[in-house]
1. Please work out if Ala141 is among the small types (Gly, Ala, Ser), assigned to a strand (DSSP E or B) and either closer than 30 Å to Ser236 by Cβ or in contact (Cβ under 8 Å) with a residue 40 or more places away in the chain (or both).
2. For region 75-102, give me the residue count where each residue is touching a residue at least 40 places away in the same chain (Cβ under 8 Å) and either at negative phi or out of contact with any Ser or Thr (no Cβ under 9 Å at 6 or more places or on another chain) (or both).
3. How about region 266-349: which strands (runs of 3 or more DSSP E) wholly inside it have at least 3 residues that are open to solvent by 10 Å² or more (accessible area, probe 1.4 Å)?
4. Would you point out which residue out of Ile178, Ile161 is without any contact (Cβ under 8 Å) to a residue 24 or more places away in the chain, under 28 Å from Gln366 (Cβ atoms) and open to solvent by less than 40 Å² (accessible area, probe 1.4 Å)?
5. Please determine, by comparing only the residues of region 352-373 that are among the hydrophobic types (A, V, I, L, M, F, W, C) and assigned to a loop (DSSP other than H, G, I, E, B), which one is nearest to Arg219 (Cα to Cα).
Amino acid sequence: MAPSETVLASRSQPATSLSLGERQSLELALDDMPIAKEQPALSDRIVSIRNGDTLSAIFARNGLPSSLLHEIDQLGKSAEELQKIYPGKQITFSFTHSGEFAGLRYPLDAARTLEIRSTAQGLKSQVLSAELEHRTQFAQATVSSNFWNAGVSAGLTPNQIMNLAGMFAWDLDFGLDIHANDSFTVLYEQRYKDGIKVDTGHILAAEFINQGKVYKAVRHSDGNYYSPEGRAMRKSFLRAPVNFSHISSNFNPRRLHPVTGQVRPHRGIDYAARTGTPVLAAGGGVVVESGFSRFNGNYVVIRHDGTYLTKYLHLHQRMVNKGEKVKQEQQIGTVGATGRVTGPHLHYEFLVNGVHKDPKSVDLPQAAFLSPNELAQFKPRANKLMAQLNKVSDIMLAKN
């Protein structure tokens, strides 16, 4: 019957001062902490940029003082991007609850956003970059009416259609050479931000079949396109130095002149186009003549090297002078109807060693190859992309 040690110990403890059901006060050791002031809520105002808008006009329209615009101008290089505003884009302004300017955000591209914030030390600017996810997409179509409609039916954007034509412009004349049943397959990038598509990227590889002949192009890390073997798609000369509506007169050694009615050789091609249409240098070289004559109107002559020379006649406006160096695709003038002509067009001549050749069919100089080191980097990627392109092409063919 002797009590255990536990019981003995409990009996020896002093009686508790707490009573059942009685409210007691307890002391807590707390450190004094400053109370954070609640930040004023900001409200955003999204402003769409209109045609003809300037930054000062946008600020005035939204009640922002010109002095603020001056402060932004002093922020440096990153804020300079704000001067390059385009219709359709948006600027997001932030204001405090009292209506004071708190900052703005302007998307520079799909991945970068310019942010300007108002702080106690003044305005601060930074460019915020987001990580984009790259996905590969395919498009394929067969030409029925024209190349443009085929591109639209394949789901390509207008910019992609133009880029695709530009890739093969040194081998194909997209105004004349494209026929029904020609086809193309395109492998391109789409960029996503937080799972939402924000941009269409570059064309990575493409195949164009023109009247049974196959042309292939792959994008290299330098931003240019090459054949899978590494030969540059960009040749020394453009097939056509102007965006024309149609050919009004072909190369013909025994053409009947439309004005005089006499049989005279037509040593070039007449590209009909609207007055003012840009005329480009077919290749790089030096302007050896730039002037005006009774029959040729405004004209420009470019010597490219000891072998090749090109002539551009009946220009509305000349944009280069004698002795000036020009690059391929540089604008040298505009289409006109000067001299002895019946309507606006570009008369274009192509001479090889002083002999006139048909610009549409002359054999152009071969393009350069990538260097051995560059080729070693290019080939594995090109082989992978072409394998993907061929696979989707086979799948599409099987579906049809």
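1. Details: among the small types (Gly, Ala, Ser): yes; assigned to a strand (DSSP E or B): yes; either closer than 30 Å to Ser236 by Cβ or in contact (Cβ under 8 Å) with a residue 40 or more places away in the chain (or both): yes.
In short, yes.
2. Applying the first criterion (touching a residue at least 40 places away in the same chain (Cβ under 8 Å)) to region 75-102 yields 75-76, 78-79, 81, 88-98, 102.
From what's left, either at negative phi or out of contact with any Ser or Thr (no Cβ under 9 Å at 6 or more places or on another chain) (or both): 75, 78-79, 81, 89-98, 102.
Here the count works out to 15.
3. Working: elements: 269-272, 278-280, 285-293, 297-303, 308-318, 331-335.
In region 266-349, 285-293, 297-303, 308-318 are the strands (runs of 3 or more DSSP E) which contain 3 or more residues that are open to solvent by 10 Å² or more (accessible area, probe 1.4 Å).
4. Exactly one of Ile178, Ile161 is without any contact (Cβ under 8 Å) to a residue 24 or more places away in the chain, under 28 Å from Gln366 (Cβ atoms) and open to solvent by less than 40 Å² (accessible area, probe 1.4 Å), namely Ile161.
5. Leu370
Let's see how each residue does on (1) open to solvent by 50 Å² or more (accessible area, probe 1.4 Å); (2) modelled with pLDDT of 90 or more; (3) of a type in the set (Asp, Glu); (4) more than 22 Å from the chain's Cα centre (by Cα):
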residue	(1), (2), (3), (4)
Asp53	no, no, yes, yes
Arg61	yes, yes, no, yes
Pro65	yes, yes, no, yes
Leu69	no, no, no, yes
Gln74	yes, no, no, yes
Lys84	yes, no, no, no
Ile91	no, yes, no, no
Gly103	no, yes, no, yes
Arg117	yes, yes, no, yes
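The values are calculated or read from the model by the stated rules, or taken from the named source; none is laboratory data. The structure presented is a predicted model; accordingly, all values stated were derived computationally and were not measured. Note that each Cβ is placed from the backbone with ideal geometry, even for glycine, and that neighbours are counted across all protein chains shown. These area figures cover heavy atoms from the full protein model, side chains too; ligands, DNA and RNA do not enter into them. Shrake-Rupley method; radii C 1.70, N 1.55, O 1.52, S 1.80 Å.
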